[in-house]
Amino acid sequence: MRRFVLILGALISLAAGVPAAAVASPQSALSGALTQGMQNAGGAGGAYVQDLTTGKALFSWVSNTGRLPASVEKLYTTSTALLRFGPSATLATRVLGSGSIDRHHVFHGIIWLKGGGDPTFGSAAFDRSAYGTGATVGQLADNLIRNTHVKSIQGRIVGDDTYFDSARGTPATGFGPDLTDVEGLLDALAYDRGFANFEGTIGQPRPALYAAQQFAGALQARGVKVTSNTAAYTGQAPKNAQWLATVRSPSISTLIRLTNTPSDNYLAEMLLKGIGAKFGGAGTTAAGAAVVRAELADGFGIHPQLNDGSGLSRSDYTSPVQIVSLLKQLSGNQDFVDSLAIGGETGTLQDEMNGTVAQGNCHGKTGTLHDVANLVGYCRARDGHTLAFAFLINGISATDYVHSVEGNQMAVAVANYNG
């Protein structure tokens, strides 16, 4: 009888809401789920989760150790571009002239096609397919005709790509061209990303020349008389060349979305060179990386190791704490948040978190190399709080499996938090 009374008393206490040691707190439940996730992922990993509403750290697993970020690196590049250029800034491809237009609307002299590092410059068909937006050679030709009323060009059209250096690749490619990993040629006047065919399997041997030829063709298609050998040159426009026309890229806020949501290596590396050209004294990968490191140190108080813009380099290292620090400080920047993929809906997270509490509630950035699977971002938790998280898993072989663990188990646990 006494045993029955004790059991009944315990049941009544539980029903009345008296805390029991066996009932885990929300943070303990989250910690257990994430610990299991890290163990399931294997490899050498680190993780960190912080409640941005309260400032409380909810989970930490080797969180101050640097790991290969892979494409998570793009967050450093794009945040710097957003803050340095500004969200509404654009990148310009310009037409300059050394010469004059006579009363018959004939231009005599040299037309300079000056690249400004716009990664979207190219044909309307390519831009429509690749980005759904962009700056086209046809728009530039229309602008030139509208501004000058030119009907014929007696002289040269010269492609000028000197805003960037001549390296077409990144540190990971030995700075040589690589259409597979870099996904284009890093040229200030690249046309259709430097591809010589629509499929992107062949590169242009001389991107600036190719762009000049395409510009000449666009003018001819609009009735401007251009001789066959007019666009057979490359060079650097003189400082006193006169402005004639401009076509502008989509805004920086749009460009970082086109970079982060699908994880576009080419756009990240072009933005990095543009950062270097505008703010670092040279259109080089090294100059851009130096500006990014300075921005992260001065603006965010973090010091990751990086030498490229996309995360292809195996010399890049960052920790979960550094990533979450960036995410925390940018959580109120809507342009940055909107650049991330949405769980179960867009970009690299379209096929993760489907049908879970995380779908639509988590925004993130993936990172993948042959031995790396990372996921970082924000989740709106059940309690309405915003949680920032970073899961960096290196030294693995089954990247698809680890991404599934991160997206379908760990991110779901973060979104399910009800503190």
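The set of residues in the stretch 200-212 being open to solvent by less than 40 Å² (accessible area, probe 1.4 Å) and either assigned to a strand (DSSP E or B) or among the basic types (Lys, Arg) (or both) consists of GLY203 alone.
Residues in the stretch 38-50 that are part of a strand (DSSP E or B) and buried (at least 19 other Cβ atoms within 10 Å of the Cβ): GLY45, GLY46, ALA47, TYR48, VAL49, GLN50. Residues in the stretch 318-338 include at least one that is at pLDDT 95 or above and in contact with an Asp or Glu (Cβ under 9 Å, 6 or more places away or on another chain).
Results for (1) in contact with a His (Cβ under 7 Å, 6 or more places away or on another chain); (2) acidic (Asp, Glu); (3) surrounded by 18 or more Cβ atoms within 10 Å (Cβ to Cβ), shown as yes or no for each residue.
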| residue | (1), (2), (3) |
| --- | --- |
| THR318 | no, no, yes |
| LEU327 | no, no, yes |
| GLN334 | no, no, no |
| ILE342 | yes, no, yes |
| THR348 | no, no, yes |
| MET353 | no, no, yes |
| ASN361 | no, no, yes |
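The residues on offer are ALA413, ALA358, and the sole one that is over 21 Å from the mean Cα position of the chain (by Cα), more than 19 Å from SER310 (Cβ to Cβ) and in a loop (DSSP other than H, G, I, E, B) is ALA358.
ASN197 falls short on exactly one of the conditions (1) out of contact with any helix residue (DSSP H, G or I) (no Cβ under 9 Å at 6 or more places or on another chain); (2) of a type in the set (S, T, N, Q); (3) assigned to a loop (DSSP other than H, G, I, E, B); (4) open to solvent by 50 Å² or more (accessible area, probe 1.4 Å), and that condition is (4). Of ALA172, ALA190, ALA167, all but one fail to be surrounded by 19 or more Cβ atoms within 10 Å (Cβ to Cβ), under 22 Å from ARG248 (Cα atoms) and of a type in the set (A, V, I, L, M, F, W, C); the exception is ALA190. Cβ separations smaller than 6 Å between residues 6+ apart or across chains give the following pairs from the stretch 99-123 residues that are touching a residue at least 12 places away in the same chain (Cβ under 8 Å) and within 25 Å of HIS149 (Cβ to Cβ) to residues that are open to solvent by 30 Å² or more (accessible area, probe 1.4 Å) and of a type in the set (Lys, Arg): HIS105/LYS151; ILE110/ARG156; LYS114/ARG94. Candidates are the residues of the stretch 145-163 that are open to solvent by 10 Å² or more (accessible area, probe 1.4 Å) and of a type in the set (D, E, K, R); the one that is modelled with the lowest pLDDT is ARG156. Scanning the stretch 236-276 for residues that are charged (D, E, K, R), touching a residue at least 24 places away in the same chain (Cβ under 8 Å), more than 16 Å from ASP161 (Cβ to Cβ) and outside any strand (DSSP E or B) gives ARG257, ASP264. Yes or no: the stretch 216-235 includes at least one residue that is at pLDDT 95 or above, of a type in the set (Phe, Trp, Tyr) and buried (at least 16 other Cβ atoms within 10 Å of the Cβ). No, that holds for no residue. If you go through the stretch 392-419 and keep only what is of a type in the set (Phe, Trp, Tyr) and either closer than 12 Å to THR356 by Cβ or open to solvent by less than 30 Å² (accessible area, probe 1.4 Å) (or both), you end up with just TYR417.
The values are calculated or read from the model by the stated rules, or taken from the named source; none is laboratory data. All figures in this text were calculated on a predicted structure; none of them were measured in a lab. Neighbour counts are summed over all protein chains in view; Cβ atoms, including those assigned to glycine, are modelled from backbone coordinates with ideal geometry. What goes into the accessible areas is simple: the full protein's heavy atoms, side chains included, and nothing from ligands, DNA or RNA. Shrake-Rupley method; radii C 1.70, N 1.55, O 1.52, S 1.80 Å.
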